[in-house]
Amino acid sequence: MKNINVVACGVGGQGVLLATSILANTAMREGLDVLASEVHGMAQRGGSIVSHLRIGRELYSPLVTEGSADLILGFEPAEVLRVLRFAKNRTWIVVNSRPIMPTTVSIGVSKYPAFEDMVKEYLRFSKFVVEVDAMKLALKAGSLLAQNIVMLGASVATGIYPMKNEALQSCIQELSPGKYLDVNLKAFEVGFHSVSSRKSILTHG
């Protein structure tokens, strides 16, 4: 099988680590080799997070090399700009369209780029760009806190991962806090269907 390289990025407090843990644990339960890097950046709320995840056979390094990512999973759109060097021309870029403004923007020291301009930059690297309104879909599932699972479900709909949906949902059940279990399962479903229902028309250009 082909090895799969994933780069996930976002900011602290978005649940990036839980989403990538679900992917890694599911892959291991499916008998696949998994390597993941330590988190880069600061994991406290608001700090940048980038994690590398590799799934497949006979893996020797946890780091995704530049220009070799099969998927960039962006929980925050500006953070995707930081990791575009890992993209190739057929990388799926699944990005949350809802920004989180850094403090420097809030106090007027810097300016946050327009989402449309960021998308244009993504498209310089790959035409496979998927925009997901994770906030809207998480509310539909029952909680704003489920945006990370919405993004997980959306990325699964690309067909990149070698794991079955049922296995991923089983892992979500095991890793989700009890009071969020039903919401997270719903969030996975709405995220998945938001992309699978329009996958044939998603590529730009």
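Worth a mention:
- Prolate/oblate/rounded call for region 89-159, Cα gyration tensor, a/c under 1.5 rounded: oblate
- Along the axis of the charge dipole computed for the chain (Cβ charges of +1 for Lys and Arg, -1 for Asp and Glu, origin at the Cα centre), the listed residues C9, V94, S197 are led at the positive end by S197.
- Rounded if a/c under 1.5, otherwise prolate or oblate - region 105-205, Cα gyration tensor axes: oblate
- A DSSP coil position with no more than 16 other Cβ atoms inside 10 Å describes the following trypsin sites (Lys or Arg not before Pro) in region 77-129: K88, R90, K111, R124, K127.
- For region 62-77, Karplus couplings with θ = phi - 60° (6.51, -1.76, 1.60), whole Hz, Gly/Pro x: x, 8, 7, 7, 4, x, 10, 6, 8, 8, 10, 9, x, 7, 9, x
- Qualifying aspartates and glutamates (Cα of each under 18 Å from Cα of K164; at least 8 residues distant if same chain): E30, D33, D70, E174, E189
- The antiparallel fraction among DSSP beta bridges confined to the chain stands at about 50%.
- Here the chain has 53 percent of its accessible surface on carbon and sulfur atoms, given a 1.4 Å probe and all protein chains in place.
- Solvent-accessible area per residue, Å², over the chain with all protein chains present [probe radius 1.4 Å]: 48
- Over the chain, dividing the summed -39,500 (n - 2.57) contributions of all DSSP H runs of at least 4 residues by the number of residues returns a 222 nm mean residue ellipticity of -11500 deg cm²/dmol.
- Cα-based shape type of the chain, given that a ≥ b ≥ c are square roots of the gyration tensor eigenvalues and the cut on a/c is 1.5: rounded
- Set of lysines near K136 by C-alpha distance (under 16 Å), chain-local residues within fewer than 8 positions excluded: K186
- Positive minus negative residues near V183 (Lys, Arg vs Asp, Glu; Cβ under 15 Å): +2
- Under 17 Å from the Cα of K120 - aspartates and glutamates, other chains or at least 8 residues apart: E76, E79, E131
The values are calculated or read from the model by the stated rules, or taken from the named source; none is laboratory data. Note that the structure is predicted; figures quoted are calculated from it, not measured. No Cβ is skipped: glycine too gets one built from the backbone with ideal geometry, and neighbour counts run over all protein chains shown. Just the protein is used for accessible areas: all its heavy atoms, side chains included, with ligands, DNA and RNA removed. Shrake-Rupley method; radii C 1.70, N 1.55, O 1.52, S 1.80 Å.
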